Amino acid sequence: MGIYEDKLSEKLSSAKWLVFFTGAGMSAESGVPTFRGEDGIWKKFSPRELANVDAFMNNPALVTEWYKHRRKIVRQTNPNAGHIAIAELERYFEVTVVTQNVDNLHSRAGSTKVYELHGNLEKNFCMDCGTRFDSGGVDTLPDIPRCGCGGLIRPDIVWFGENLPAEQFSKAELAIENCDILFIVGTSGIVFPAAHLPMNAKKLGKYLVEINPMESELSYYCDVVFRENAGKSLAAISKLAASLQA
Ligand code: APR
């Protein structure tokens with residue numbers, strides 16, 4: 001146990017509420033590519049051409065195809081030891097997940113309180129009438145999926161330049177205001193407004209723990225840093241929490 005016990009036993013023993021602020025690195029061990037790593041998505045595809053509303057309006061078939069491709073990758077993956085550990089911690093604490101990920105893996109691992117700041121690959125909506133569609137329905141439609149009202153059906157993903165879902169964001173803020181420990185897992189911390197959340201947590205005097213094999217823009221704000229993969233660290237922290245409860 002070593003470093004986890006030394007650095008977290010005291011905090012975990014008195015903690016009631018944990019929040020996990022997660023990014024693409026959380027799902028890296030599931031085989032889902034990150035955005036800015038060596039094999040990052042933005043190394044192969046241009047966010048300007050794919051992840052914004054102008055790109056979609058200019059070429060809805062291309063953008064629709066790209067999200068079908070990303071859904072195919074994610075559906076072939078499973079929650080990893082890190083996702084499972086976070087879900088397990090609900091046995092001992094109030095646990096809230098605030099994720100930038102759109103891969104649904106936290107919910108599939110069993111986490112019950114997940115706020116998705118950037119949307120979810122399995123969700124879509126009509127740009128005209130707002131009708132919501134799950135991807136099962138959309139993936140069977142022709143190249144450019146249209147609603148019965150004639151409107152274009154787009155992914156329920158927050159694209160660059162768009163606002164985050166206000167309710168998810170404010171619930172995430174509330175959880176962070178009330179938590180005892182904020183874990184920052186697998187994010188470069190360079191995309192706003194999401195990255196404001198951990199920075200504001202620091203201003204509120206919260207205890208911040210980073211889990212990331214590399215330094216990030218949020219490392220500076222953290223009280224404790226585990227330069228490790230999410231799966232290893234989170235499994236050890238879940239084990240430590242169980243031993244403290246015994
Ligand atoms: N365990 C923990 N962290 C890891 C692992 C791992 N196994 N593998 C990689 N990482 C870390 C990397 O070191 C990096 O800091 O995960 C981070 C991934 O950073 P990004 O690829 O920038 O992903 P993220 O921070 O989630 O991006 C935020 O940017 O493109 C937008 O909307 C997209 O939600 C995304 C947002």
Positions within the range 90-106 being within 22 Å of Gly189 (Cβ to Cβ) and assigned to a helix (DSSP H, G or I), in sequence order: Leu105, His106
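Could you check the range 204-213 and list, in sequence order, the residues that are open to solvent by 30 Å² or more (accessible area, probe 1.4 Å) and either charged (D, E, K, R) or assigned to a strand (DSSP E or B) (or both)?
Quick first cut of the range 204-213, residues open to solvent by 30 Å² or more (accessible area, probe 1.4 Å) only: 204-207, 213.
Within the range 204-213, Lys206, Tyr207 meet the criteria.
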Name the pairs whose Cβ atoms lie under 7 Å apart, with the first residue in the range 169-181 and farther than 13 Å from Phe20 by Cβ and at pLDDT below 95, the second open to solvent by less than 10 Å² (accessible area, probe 1.4 Å) and assigned to a helix (DSSP H, G or I), and 6 or more positions between them or separate chains? none
Tally time: how many residues in the range 36-66 are within 15 Å of the ligand (Cβ to nearest atom) and out of contact with any Lys or Arg (no Cβ under 9 Å at 6 or more places or on another chain)? 13
Hey, among the residues in the range 119-145 that are more than 18 Å from Arg75 (Cα to Cα) and at pLDDT 95 or above, which one's most open to solvent (accessible area, probe 1.4 Å)? Arg132
So, of the residues in the range 27-42 that are within 15 Å of the chain's Cα centre (by Cα) and more than 18 Å from Phe192 (Cα to Cα), which turns out to be surrounded by the most Cβ atoms within 10 Å (Cβ to Cβ)? Ser27
So Ala246 passes all but one of these: (1) at pLDDT 95 or above; (2) more than 12 Å from the ligand (Cβ to nearest atom). Which condition number does it fail? (1)
From the list Ser216, Ser188, which residue is part of a loop (DSSP other than H, G, I, E, B), within 13 Å of the ligand (Cβ to nearest atom), polar (S, T, N, Q) and open to solvent by 30 Å² or more (accessible area, probe 1.4 Å)? Ser188
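Quickly run through the range 156-185 and pick out the residues that are within 12 Å of the ligand (Cβ to nearest atom) and either under 16 Å from the mean Cα position of the chain (by Cα) or surrounded by 13 or more Cβ atoms within 10 Å (Cβ to Cβ) (or both).
Ile157, Val158, Trp159, Phe160, Glu162, Leu164, Phe183, Ile184, Val185
The values are calculated or read from the model by the stated rules, or taken from the named source; none is laboratory data. Nothing here was measured: the structure is a model prediction, and the numbers come from that model. In this analysis, Cβ positions are derived from the backbone assuming ideal geometry, glycine residues included, and neighbour counts consider all displayed protein chains. Side chains included, ligands, DNA and RNA excluded: accessible areas come from the protein's heavy atoms. Shrake-Rupley method; radii C 1.70, N 1.55, O 1.52, S 1.80 Å.
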